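Visitor: First, the structure itself, so that you have it in front of you.
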Amino acid sequence: MTSEVAEQQEVRRWGKRQTVAAVAVAAVIGGVGGAAVYAATAGSSRMMGGPIHGPTHGPPPPGAPPPPLRAEPAGVLHSEYVVSDGQGGFSTKMTQTGTVDEITLSSIVVRSDDGYTQIYAFPSSAVVPKPSLAANDTVTVQATRTGPTVTLNSIGEGQPHGS
C-alpha cells in the first residue's frame, strides 16, 4: 500500500507547465476583469460618479461674507441644502414656497402644494410678522435649520399656485 500512496501523491502534483498555465489563466482573468471595470467607469478616477457643479475653488477665506443664496430653479416647492458658513463650518438652509396654514407671534406654518408642511420659528420675540400676512397667503420662505429647529431668515410673496 505504501507504493500506491506514493503514486497517488505523484499524480496530484503539478508540474512547471501546469503551474505556469494556471498563473497565465489567472493573469488573463484579472486583466479582463480590470478592463471591464475600467470600461464600466469610463476611465474615471473619481470615487463618486456624477458631474461636478459650481465653482471648485473651495470656500471663501475666513472673515469673508458667505456666498449669496442660490436661486432656486423655477417650480421648486421646497428644498434643503448645506452651505459653507465662511468660518470653516457649514449651515443647513431651507427654502419653501407654499400657503400659510397658521401664523402666531412666534412661528409660521407653511404648506407646499405637494403636502409638505414646515413650522418656521421667528428669530426672536422682537420679530413680529408683517401684519399683511394671513392664513392662505402664498409665500416663499428662506430659513436655517439647526438641529430640529428651523429659524426663518426671510419671507416674501410666493408664486401663485400651479406656476
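The values are calculated or read from the model by the stated rules, or taken from the named source; none is laboratory data. The model shown is predicted, which means the values in this text are computed figures rather than measured ones. No Cβ is skipped: glycine too gets one built from the backbone with ideal geometry, and neighbour counts run over all protein chains shown. Heavy atoms of the whole protein, side chains included, go into the accessibility calculation; ligands, DNA and RNA do not. Shrake-Rupley method; radii C 1.70, N 1.55, O 1.52, S 1.80 Å.
Visitor: So which residues in the range 105-134 are open to solvent by 50 Å² or more (accessible area, probe 1.4 Å) and at pLDDT below 90? Talk me through it step by step, then tell me what you get.
Guide: Taking the range 105-134 first, the residues open to solvent by 50 Å² or more (accessible area, probe 1.4 Å) are 105-106, 111, 113-114, 116-117, 119, 123-128, 130-132.
Listed by number, the residues that qualify are Leu105, Ser106, Pro123, Ser124, Ser125, Ala126, Val127, Val128, Lys130, Pro131, Ser132.
Visitor: Kindly indicate the residue of the range 59-104 that is over 17 Å from Thr146 (Cα atoms), modelled with pLDDT of 85 or more and surrounded by fewer than 13 Cβ atoms within 10 Å (Cβ to Cβ) and also farthest from the chain's Cα centre (by Cα) among those meeting that condition.
Guide: Here the answer is Thr104.
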